[in-house]
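The values are calculated or read from the model by the stated rules, or taken from the named source; none is laboratory data. This structure is a prediction, so every number in the text was calculated from the model and none was measured. Virtual Cβ from ideal backbone geometry, glycine too; neighbours counted across all protein chains shown.
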Amino acid sequence: MSHYRAYPAYKDSGVEWLGKVPSHWEIAPLWSVYRPVKRTGFTKEPLLSVYRDYGVVLKASRDDNHNRASDDLDPYQLVEPGQLVTNKMKTWQGSIAVSELRGIVSPAYFVYEPIRNVIGRFIHHLMRCRPYIIGYMSVSKGIRVGQWDLDPDHFRTFPVLFPPKEEQEWIVKALDRETARIDALISKKTEFIELLAKKRQALITHAVTKGLNPDVRMKDSGVEWIGEVPEHWSVQPIKYLACIGNGSTPNKDNGKYWENGTFPWLTSGCVNLDEVICAEQYVTEAALMSQSGMVEIPRLQAKRRLYMSLCDVIG
C-alpha cells in the first residue's frame, strides 16, 4: 500500500502501538462506538465462527474447524449483520471481525453492536490491521500463549479511528479492490504450483516405469497398474530385491558402522512417506552384518547399485 500518498499533517494518537495518524481523523474510545450485547436462546440460527483470514463465516463452510459445538446451543449468542464479533482467546491472532451474517457464536465470544453511525467495512479492516493485533496482544492475559484472553476492560478503551465518512468509503473501496486483486493472484499462483507438482510427479513416474528413451521397445509388465515397461527391463517381486524384517539401528557411537558407509540407511519414517526419499545416511558392511537377518552381502551390494541408480534418475 506504499504507493498511496501521505497526508499533509499527522498527530500523535496517544497510543504507543498505533503511533501517528492523520491530523483530521477523529479518535474515539471503543465504548463510545460499540456496546456489548448478549442475546441467547436462538438455537435454530446457523453456527458462525471468526477466522483470522476470513472474518465471520458459517462454521459449516469450513472443514478445518475441529472445535465441536456444544449439544446445548441455548447459551450461544446471536450475531446480527454489522455487529463486531471477537473470539476472546484468539483476538490477539486476528480473530475479530464485523459480521455480514446472522447466526450464533460460542458463549466464549464477545459481541458488540454499534451505538453510532459507522461504516462496518471500515471498522472491519481497522480492527484487523497489524497495529491493532499488537494492541490486543499487549492487553491479553493467560497462563499459556494459546489461551490468552482479551481483557474486556482494556478492550473497551481501544481507540477507534474515524476519517470523514467519504474518506472511509474511499478507503474501503480501495482495500476491497486491492485485496480482491491479491486474492486472485494467490489463486492463480496456487493453481500453477499444483500443476507443477502434478507434472513433477508424472515425470518421476514415467522415468521409473517407462525409462528415459522414448523410442525403446516396450513389453507388458504383467501388472495391470504398471502397464508396459521397456522390453529389456526385468519385473520381479520385491521379495527378491529386499530383505524385509525387523531390525535395529546400528550403534551410532561405533565408527566402524557409519564412517565411510556405502549402504543407504532409511528409517521407517522415511519409507512411510508418499514419495521416494534418497538416503542422507549410509552404513558400512560391518553394520549390516551386525544386524539380525542381514545376509548375502553380494545381493545387498546389487540392491545398493539399483537404489543409487534410481536416485540418479529422479534427480
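Numerical summary
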item: Failed item in (1) within 18 Å of residue 123 (Cα to Cα); (2) not assigned by TED's automatic domain parsing to the domain that holds residue 94, with residue 156 passing the rest; result: (2)
item: Test for residue 56: is it in the same structural domain as residue 97 (by TED's automatic domain parsing), surrounded by 12 or more Cβ atoms within 10 Å (Cβ to Cβ) and either of a type outside the set (A, V, I, L, M) or outside any strand (DSSP E or B) (or both); result: no
item: Matching residues in the range 53-87 - criterion: being among the charged types (D, E, K, R) and modelled with pLDDT under 85; result: 53, 62, 63, 64, 68, 71
item: Count of the range 100-114 residues which are of a type in the set (Ser, Thr, Tyr) and either within 15 Å of residue 126 (Cβ to Cβ) or more than 25 Å from the chain's Cα centre (by Cα) (or both); result: 1
item: Total residues in the range 159-192, condition touching a Lys or Arg at 6+ places or on another chain (Cβ under 7 Å) and exposed (fewer than 10 other Cβ atoms within 10 Å of the Cβ); result: 0
item: Complete set of residues in the range 22-36 that are outside any helix (DSSP H, G or I) and more than 33 Å from the chain's Cα centre (by Cα); result: 22, 23, 24, 25, 26, 27, 28, 29, 33, 35
item: The lone exception for residue 270 - which of (1) out of contact with any strand residue (DSSP E or B) (no Cβ under 8 Å at 6 or more places or on another chain); (2) modelled with pLDDT under 70; (3) not in a helix (DSSP H, G or I) it fails; result: (3)
item: Test: residue in the range 177-192 that is touching a helix residue (DSSP H, G or I) at 6+ places or on another chain (Cβ under 8 Å), touching a residue at least 24 places away in the same chain (Cβ under 8 Å) and within 30 Å of residue 28 (Cβ to Cβ); result: no
item: Sole exception among (1) within 16 Å of residue 124 (Cα to Cα); (2) small (Gly, Ala, Ser); (3) exposed (fewer than 14 other Cβ atoms within 10 Å of the Cβ) for residue 23, by number; result: (1)
item: Filter result for residue 156 (closer than 23 Å to residue 55 by Cα, among the charged types (D, E, K, R) and surrounded by 12 or more Cβ atoms within 10 Å (Cβ to Cβ)); result: yes
